[in-house]
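Some notes on the structure that comes next.
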Amino acid sequence: MKPLPLALDDLPPFRVPLRFFLTAPLFGVLAGIVVIVEGETVFASRWSPALIGATHLLTLGWLAMVMIGALFQVVPVLSGRGIPAAARVAAPVHLALTLGTLGLAYGLVASSPNLVALGLGGLLAAFLLFGGLLAWRVLRPSRGGGALVTIRFAVLALFATVALGAWMAAGIAWPSLGIPYRASTDSHARFGLFGWVLLLVMGVSQQVVPMFHVTPPFPAAIARGCGVTVFGGLILLATSDARLAVVIGASATASASLAWAIALLAVLAKRKRRRTDATVRAWQLACWVLIGTAPIAWQIAVVPDLPISFVARHQQALLLGVLVVLGFCVTVVLGMLQKIVPFLAFTHLQRRALKNPAAIPLLPAMEDFVSTRTATIQIAIHATAIALTIAAAFEPAVARAAGAALCVDFAFCAVNLTRAALRYRRVVASVAERE
Ligand code: HEM
């Protein structure tokens with residue numbers, strides 16, 4: 001299925017996604033600091049408050065932050081029309097998501113019901129405002145092909161994740177309600193990671209991989225089939241404990257994830273732009289992590305008691321969480337940011353310079369915003385952070401080293417994206433002088 005031609009007329013100003021892109025790495029640094037401060041207790045169990053808090057600094061503070069920023073940009077390209085009032089709602093959504101994530105994450109780390117309640121308020125404000133406008137734009141019929149179909153399922157999975165998250169957070173914030181919140185954790189985590197994140201990555205990849213790396217399009221069966229199969233599997237797993245439903249649900253989700261990862265590696269191998277840049281490396285790393293993870297997720301859902309010699313029972317879910325959140329989700333987003341930020345900076349400057357040819361000589365190359373060398377170092381640091389965090393899941397004594405690596409990983413990203421933003425601003429000022 002061919003990617004759509006870029007509809008640039010409805011693109012929001014660069015500051016709309018940029019505020020999200022610049023904030024996200026700071027949450028990654030905070031997650032690293034939590035791991036350093038809390039040390040070995042973080043990886044003692046999947047239920048350790050510090051781990052669940054750090055998980056949300058990554059899943060909300062990094063992933064949701066970047067993905068919401070990117071959706072402001074991607075939706076106009078895919079559906080032909082932008083998210084309504086994008087330039088006006090971006091700031092309140094950004095503020096509510098930032099404060100909500102800080103409140104929830106620290107409320108979970110410190111076991112403070114009041115902070116969890118405050119966090120919940122901020123998060124509901126952010127997701128209801130943004131989710132409502134997004135749903136209004138993408139859930140109604142429009143152009144868009146397999147990519148938009150898959151993104152629609154991602155939006156539905158986001159609603160399920162937030163609804164279950166809010167239910168659990170209410171159980172923690174107001175214990176007197178007697179909500180058995182732990183019974184919903186697995187469904188919440190699955191809808192969040194294999195639904196909202198994986199489906200959104202699947203949808204967006206159909207546009208950005210052929211566009212940035214000049215690859216052939218994804219096979220139609222993958223473009224149209226993977227989204228509905230993953231979502232169908234997640235619905236089955238969330239709504240029934242019947243053995244057959246669990247086996248079918250887990251097999252559908254795992255096999256569609258595998259099929260998509262293998263298809264992506266295949267189209268990347270046929271790319272016309274042969275240079276193996278950092279973003280290609282990040283896609284390849286994330287796909288191999290997903291290929292290794294999908295069978296583990298299947299095993300935990302279908303045969304949880306299966307003895308695995310080198311992984312103790314309590315470590316299985318922990319390892320799965322580290323692989324999916326850090327190994328797959330964070331890697332894909334980190335890789336795409338290395339391309340998207342220079343591309344958007346260049347595109348917005350180019351559109352401005354085309355209105356005033358005297359400004360064209362001022363246009364920097366995309367490489368000047370984030371260089372190939374910097375992006376390659378970024379992915380190497382990130383791979384080290386993944387390896388140390390996996391080691392910490394087996395040996396908690398490694399936790400502080402893993403925390404330090406996470407801090408370096410996201411601080412490096414914060415510095416590079418800030419430098420790109422400052423360069424963009426300088427060029428805007430010089431272009432303005434020539435207008
Ligand atoms: C409104 C937003 C959200 C709220 C209020 C929320 C709330 C919660 C709460 C209270 C827990 C702990 C449950 C327990 O102790 O059993 C939890 C667990 C979890 N959440 Fe969220 N969450 C939200 C969004 C997300 C998103 C967007 C993702 C992923 C993309 C996510 C991923 C997870 C994971 C992986 C766990 C499980 C940790 C484990 O199993 O050890 N959450 N969430």
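The values are calculated or read from the model by the stated rules, or taken from the named source; none is laboratory data. Predicted model, so just to flag it, every value in this text is computed and none were measured. Methodologically, a virtual Cβ is constructed for each residue, glycine included, from the backbone with ideal geometry; neighbour enumeration extends over all protein chains shown. With ligands, DNA and RNA removed, areas are computed over all heavy atoms of the protein, side chains included. Shrake-Rupley method; radii C 1.70, N 1.55, O 1.52, S 1.80 Å.
Which value at 222 nm does the chain reach when only helices count, each DSSP H run of 4 or more adding -39,500 (n - 2.57), with the total divided by all residues and rounded to the nearest 500 deg cm²/dmol? Could you put the intermediate results ahead of the total?
Numbers: 15 runs with 314 residues, N = 435.
Value at 222 nm, helices only, nearest 500: -25000 deg cm²/dmol.
Using the basic label-point model (7 angstrom from Cα toward the beta carbon), what is the K355 to L129 distance in nanometres?
Using points 7 Å along Cα→Cβ, the separation is 2.7 nm.
Compare the Cα positions of Y181, P216, M202 along the charge dipole of the chain (+1 at Cβ of Lys, Arg; -1 at Cβ of Asp, Glu; about the Cα centre) and return the one farthest towards the positive end.
Looking along the dipole axis, the top candidate is P216.
Compute the length gained on full extension between V247 and A166: take 0.36 nm times their separation in residues and subtract their Cα-Cα distance, giving the result in nm to one decimal. Display every interim value, and only then the final one.
Working: separation 81, 0.36 × 81 = 29.16 nm, distance 2.79 nm.
Separation in residues times 0.36 nm, less the Cα-Cα distance, equals 26.4 nm.
Using 0.36 nm per residue, how much length does the chain from A87 to A380 gain when fully extended, once their Cα-Cα distance is taken away?
Working: separation 293, 0.36 × 293 = 105.48 nm, distance 3.51 nm.
So the extension gain works out to 102.0 nm.
Which residue, W298, W174, W260, has the most motion in a Gaussian network model of the chain that connects Cα atoms within less than 10 Å?
Answer for the Gaussian network model of the chain: W174.
For region 216-372, what does the relative contact order come out to in percent, with C-alpha contacts under 8 Å and a separation of six or more?
Details: 140 pairs, mean separation 32.3, N = 157.
Relative contact order of region 216-372: 21 percent.
Give me the extension gain from T239 to A220: residue separation times 0.36 nm, minus the current Cα-Cα distance, reported in nm with one decimal. Kindly include the intermediate steps, with their values, before the conclusion.
Details: separation 19, 0.36 × 19 = 6.84 nm, distance 2.91 nm.
Residue separation times 0.36 nm, minus the Cα-Cα distance, leaves 3.9 nm.
Could you let me know the centre-to-centre spacing of region 16-86 and region 397-412, using Cα atoms, in angstrom?
The two parts, judged by their Cα centres, are 16 Å apart.
R426 accessible area, nearest 10 Å², 1.4 Å probe?
140
If R₀ is 30 angstrom, what is the calculated FRET efficiency for the pair R425 and E40, using the beta carbon separation as r and rounding to 0.05?
Values: r = 43 Å, r/R0 = 1.44.
The value I calculate is 0.10.
Determine, for each peptide in 404-414, 42-52, the mean count of other beta carbons within 10 angstrom over its residues, then list the peptides with the highest first.
Working: 404-414: 21.9, 42-52: 19.5.
For the peptides 404-414, 42-52, the packing ranking is 404-414, 42-52.
Residues of region 203-224 with backbone nitrogen within less than 15 Å of a virtual label 7 Å along the Cα-to-Cβ line of R273, please, listed as ranges.
205-217, by backbone N distance to the label point.
Could you work out the relative contact order of the chain, using alpha carbon pairs under 8 angstrom and six or more residues apart, expressed as a whole percent? Mind showing how you got there, number by number?
Details: 679 pairs, mean separation 84.2, N = 435.
For the chain, the relative contact order is 19 percent.
Roughly how many debye, to the nearest 20, is the charge dipole of the chain about its Cα centre, given +1 on each Lys and Arg Cβ, -1 on each Asp and Glu Cβ, and no other charges?
On the way: 33 positive and 14 negative charges, 301 e Å.
My answer is approximately 1440 debye.
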